[in-house]
Amino acid sequence: MEIAGVLVVAQGAADPGVRAALTQAVATYLHLPLHRVMVLAGTPADGSRP
């Protein structure tokens, strides 16, 4: 099985440093080039925030 790409949605991803760290971590763990990893900012489905 080959992974074509990954989408990560995380609350803290609005911060550029967090986004970069998540992108690098996922790419390294899955042995993917960085352009195959997309990290987006999101909020919980119920709209609550910690």
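Of everything in the stretch 12-23 that is modelled with pLDDT of 95 or more and in contact with a helix residue (DSSP H, G or I) (Cβ under 7 Å, 6 or more places away or on another chain), the residue that is surrounded by the fewest Cβ atoms within 10 Å (Cβ to Cβ) is Val18. Here is the figure for the chain: residues that are hydrophobic (A, V, I, L, M, F, W, C) and over 12 Å from the mean Cα position of the chain (by Cα) total 6.
From the list Val9, Val39, Val26, the lone residue that is surrounded by 11 or more Cβ atoms within 10 Å (Cβ to Cβ), outside any loop (DSSP other than H, G, I, E, B) and touching a helix residue (DSSP H, G or I) at 6+ places or on another chain (Cβ under 6 Å) is Val39.
The values are calculated or read from the model by the stated rules, or taken from the named source; none is laboratory data. A quick note: this is a predicted structure, and the numbers were derived from the prediction, not measured. Note that we place each Cβ from the backbone using ideal geometry, even for glycine, and neighbour counts take in every protein chain shown.
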